[in-house]
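Chemist: Take a look at this one; I'll ask things after.
The values are calculated or read from the model by the stated rules, or taken from the named source; none is laboratory data. Owing to the predicted nature of the structure, the values given are computational and were not obtained by experimental measurement. Reconstructed Cβ throughout: ideal geometry from the backbone, glycine too, with neighbour counts over all protein chains shown.
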Amino acid sequence: MTLSSDSLQTLPRARAGFVLILTGVMLMMAGASAPSLFYPVLQQEMGFAPATISLIFSIYAAGLLVTLLTAGSVSDHVGRRPVISVGFLALALAAYLFWHAGNVPQLLVARALQGIATGLLMPSLSAAAVDLEPRDRPGAAAVWNAVLPLCGLAGGAMFAGILMTVTATPRLDVFASLIACYLVLALAVWLLPETSPRNGGVWNALIPRVGLPKAARAPFWRSAPAVFAGWAIGGLYLSLGTGIVSVVFGIHDFIAEASVILVLAGAGAIGVYLSRNLHQRKVLLRGSASLSIGILLSVAGMQAGSLVVYVLGLGLGGIGFGTCFYGTIRTLIPLAAPHERGELFAALFCLSYTAFGVPTVLAGLVVPVAGLLDTATGYGVIVGLAAALAWVWRRFATVD
């Protein structure tokens with residue numbers, strides 16, 4: 001049975017469901033960042049080339065994008081619960097495969113499956129959060145849909161970094177914990193009210209495409225440059241950030257390496273929360289400015305060998321990353337009908353993960369030739385300038 005929007009917003013079960021869905025968002029993203037801390041260790045154990053790390057990263061992004069293009073809106077047609085349940089079961093299997101991976105092909109299979117599962121979950125969880133948003137907390141879904149992915153990225157990386165420091169079996173401890181959480185979520189989602197009716201057309205929805213509700217198209221493309229720049233810098237630090245800490249600054253510590261992601265994502269989450277009462281135009285303008293300044297400052301820190309400047313830039317860049325994404329979500333949510341929300345979030349995450357994956361893969365291919373410092377510097381300058389252009393684009397937009 002599918003309940004009306006008004007009923008959903010008042011049922012105690014729906015309120016509990018809102019919290020459960022948001023917990024799922026955070027744990028999904030924790031699973032995305034936790035493997036990053038293991039790559040240098042696995043490289044030593046398996047003896048693969050540095051470029052292989054980019055391949056492992058890229059196959060995750062590729063699986064996610066293909067799934068978004070083909071099945072991103074499927075929860076609009078078959079319901080949120082079955083898609084979310086299948087997604088978390090697939091994430092549990094991916095974590096098990098990563099835990100037991102003994103060679104590069106097995107790592108690739110694990111990461112590809114994780115990308116597919118995340119591609120199913122991202123739009124369906126985000127749409128379910130909007131569906132279940134309490135009536136007395138308008139805008140809460142937009143805030144938490146932006147804050148919690150960042151908290152998950154930070155928490156997953158730090159959780160892995162701490163366990164790699166204090167336990168003898170970190171892969172077991174990290175991935176067994178994630179598997180347990182994912183299995184619980186896969187079952188618990190069936191206790192929630194269904195928020196999306198089965199309206200048919202599922203086979204047509206599986207045809208690869210990026211769809212947007214008509215009312216959301218123009219605002220989406222006005223916000224796209226800022227979103228792209230934000231996720232591009234997120235991809236850089238998630239894939240190469242641990243290497244920057246060890247190679248550029250000479251710090252060899254798992255917790256310090258995880259702190260790169262913690263500063264970036266944590267600052268982003270704080271920035272989103274503090275921006276929740278601002279108009280979305282201001283949020284996007286301030287976010288793109290902070291993103292540009294922060295990225296260029298972090299590049300200056302790398303070049304000068306100043307960890308303080310680098311971390312300060314990282315924090316400012318994280319604020320820009322989070323607020324650009326939040327401002328976009330807040331702009332778009334009111335423009336999609338309930339049966340269009342999965343499609344809307346699928347399009348948004350397609351853009352985000354194209355920015356997250358493609359430039360990072362290219363950077364990974366350049367690292368063996370140009371070196372980590374020069375690659376990160378060039379990448380940062382390009383994205384910093386792109387963020388500045390995003391500010392100009394938004395500042396002089398005639399419509400908001």
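Chemist: Among the residues in the stretch 280-299, are any surrounded by fewer than 19 Cβ atoms within 10 Å (Cβ to Cβ) and modelled with pLDDT under 85?
Modeler: yes
Chemist: Could you check, for the stretch 209-224, whether at least one of its residues is assigned to a helix (DSSP H, G or I), of a type outside the set (Gly, Ala, Ser) and at pLDDT below 80?
Modeler: At the first step, the residues of the stretch 209-224 found to be assigned to a helix (DSSP H, G or I) are 214-224.
Subset that is of a type outside the set (Gly, Ala, Ser): 214, 217, 219-222.
Filter once more, keeping what is at pLDDT below 80: none.
No; the residues of the stretch 209-224 include none that is assigned to a helix (DSSP H, G or I), of a type outside the set (Gly, Ala, Ser) and at pLDDT below 80.
Chemist: Another question, if that's okay. Residues in the stretch 300-330 that are closer than 30 Å to Glu343 by Cα and either at pLDDT below 90 or of a type outside the set (A, V, I, L, M) (or both): how many?
Modeler: As a first pass, look at the stretch 300-330 and keep what is closer than 30 Å to Glu343 by Cα: 317-330.
This time we only want the ones that are either at pLDDT below 90 or of a type outside the set (A, V, I, L, M) (or both), so: 317-318, 320-330.
Residues meeting the conditions: 13.
Chemist: Within the stretch 301-320, which residues are free of Cβ contacts under 8 Å to residues at least 24 places away in the same chain and part of a helix (DSSP H, G or I)?
Modeler: Keep residues of the stretch 301-320 that are free of Cβ contacts under 8 Å to residues at least 24 places away in the same chain, which gives 301, 304, 306, 308-309, 312-313.
Once the filter is applied, which keeps residues that are free of Cβ contacts under 8 Å to residues at least 24 places away in the same chain and part of a helix (DSSP H, G or I), the stretch 301-320 yields Gly301, Ala304, Val308, Val309, Leu312, Gly313.
Chemist: Taking the residues in the stretch 179-203 that are aromatic (Phe, Trp, Tyr) and modelled with pLDDT of 90 or more as candidates, determine which candidate is farthest from Leu22 (Cα to Cα). Steps first, please.
Modeler: Let us first name the residues in the stretch 179-203 that are aromatic (Phe, Trp, Tyr), namely 182, 190, 203.
Add one more test, that the residue is modelled with pLDDT of 90 or more, and what stays is 182, 190.
On the way: Tyr182: 13, Trp190: 15 Å.
Across the stretch 179-203, the extreme among qualifying residues is Trp190.
Chemist: Those residues that are of a type in the set (Ser, Thr, Tyr) and either at pLDDT below 85 or within 16 Å of the chain's Cα centre (by Cα) (or both), I need them from the stretch 335-376; list them, please. Outline the logic, then answer.
Modeler: Applying the first criterion (of a type in the set (Ser, Thr, Tyr)) to the stretch 335-376 yields 352-354, 360, 375.
Ser352, Tyr353, Thr354, Thr360, listed by residue number.
Chemist: Next question, about the same structure. Filter the stretch 263-279 for residues that are within 15 Å of Thr331 (Cα to Cα) and buried (at least 23 other Cβ atoms within 10 Å of the Cβ) and give the result. Please lay out each step first, then the result.
Modeler: Restricting attention to the stretch 263-279, the residues satisfying the condition of being within 15 Å of Thr331 (Cα to Cα) are 272, 275-279.
Val272, Ser275, listed by residue number.
Chemist: Right, here's the next one. Exactly one condition in (1) under 29 Å from Thr331 (Cβ atoms); (2) outside any helix (DSSP H, G or I) is false for Ile251; which is it?
Modeler: Every listed condition holds for Ile251 apart from (1).
Chemist: Any residue that is at pLDDT 85 or above and in a helix (DSSP H, G or I) - is there at least one of those in the stretch 234-243? Talk me through it step by step, then tell me what you get.
Modeler: Step one: of the stretch 234-243, the residues at pLDDT 85 or above are none.
No: zero hits.
Chemist: Out of (1) in contact (Cβ under 8 Å) with a residue 60 or more places away in the chain; (2) among the β-branched types (Val, Ile, Thr); (3) surrounded by fewer than 19 Cβ atoms within 10 Å (Cβ to Cβ), the odd one out for Val19 is which?
Modeler: The single condition Val19 does not satisfy is (1).
Chemist: Another question, then. Among the residues of the stretch 212-242 satisfying the criterion of being small (Gly, Ala, Ser) and surrounded by fewer than 20 Cβ atoms within 10 Å (Cβ to Cβ), which is farthest from Ile162 (Cα to Cα)? Even if it seems obvious, please write down each step before you answer.
Modeler: Initially, the stretch 212-242 is screened for residues small (Gly, Ala, Ser), giving 215-216, 218, 223-224, 226, 229-230, 232, 234-235, 239, 241.
Filter once more, keeping what is surrounded by fewer than 20 Cβ atoms within 10 Å (Cβ to Cβ): 215, 218, 224.
Details: Ala215: 46, Ala218: 44, Ala224: 36 Å.
Top of the filtered list is Ala215.
Chemist: Residue by residue through the stretch 137-176, note down the ones that are surrounded by fewer than 17 Cβ atoms within 10 Å (Cβ to Cβ) and free of Cβ contacts under 8 Å to residues at least 40 places away in the same chain.
Modeler: Those that are surrounded by fewer than 17 Cβ atoms within 10 Å (Cβ to Cβ) and free of Cβ contacts under 8 Å to residues at least 40 places away in the same chain: Arg137, Pro138, Val166, Thr167, Ala168, Thr169.
Chemist: Here's a follow-up. Report, ordered by the first and then the second residue, all pairs with beta carbons closer than 6 Å, sequence separation of six or more or different chains, a first member in the stretch 112-131 that is in contact (Cβ under 8 Å) with a residue 60 or more places away in the chain, and a second member that is outside any helix (DSSP H, G or I) and of a type outside the set (Lys, Arg).
Modeler: Here the result reads Pro123/Gly72; Ala128/Thr195; Asp131/Thr195, each pair linking the stretch 112-131 to a residue that is outside any helix (DSSP H, G or I) and of a type outside the set (Lys, Arg).
Chemist: State all residues of the stretch 254-286 that are touching a residue at least 60 places away in the same chain (Cβ under 8 Å) and assigned to a loop (DSSP other than H, G, I, E, B); if no residue qualifies, say none.
Modeler: Matches in the stretch 254-286: Arg276 only.
Chemist: Just for the stretch 73-104: of the residues that are in contact with an Asp or Glu (Cβ under 7 Å, 6 or more places away or on another chain) and buried (at least 24 other Cβ atoms within 10 Å of the Cβ), which one is modelled with the highest pLDDT? Talk me through it step by step, then tell me what you get.
Modeler: Within the stretch 73-104, the subset in contact with an Asp or Glu (Cβ under 7 Å, 6 or more places away or on another chain) is 73, 76, 79-81.
Next, only the ones that are buried (at least 24 other Cβ atoms within 10 Å of the Cβ) stay: 73, 76, 80.
Numbers: Ser73: 73, Asp76: 77, Arg80: 87.
Once the filter is applied, the top-ranked residue is Arg80.
Chemist: Looking at Val248, Val263, Val309, can you tell me which residue is under 19 Å from the mean Cα position of the chain (by Cα) and on the phi < 0 side of the Ramachandran plot?
Modeler: Working: Val248 fails: under 19 Å from the mean Cα position of the chain (by Cα); Val309 fails: under 19 Å from the mean Cα position of the chain (by Cα).
After applying the criteria, what remains is Val263.
Chemist: Go through (1) under 20 Å from Gly327 (Cα atoms); (2) free of Cβ contacts under 8 Å to residues at least 24 places away in the same chain one by one and return the number of the condition Ala289 breaks.
Modeler: The one condition Ala289 does not meet is (2).
Chemist: Right, another one. Report, by residue number, each residue of the stretch 164-179 that is over 21 Å from the mean Cα position of the chain (by Cα) and either part of a helix (DSSP H, G or I) or over 20 Å from Tyr39 (Cβ atoms) (or both). Steps first, please.
Modeler: At the first step, the residues of the stretch 164-179 found to be over 21 Å from the mean Cα position of the chain (by Cα) are 164-173, 176.
Result: Met164, Thr165, Val166, Pro170, Arg171, Leu172, Asp173, Ala176.
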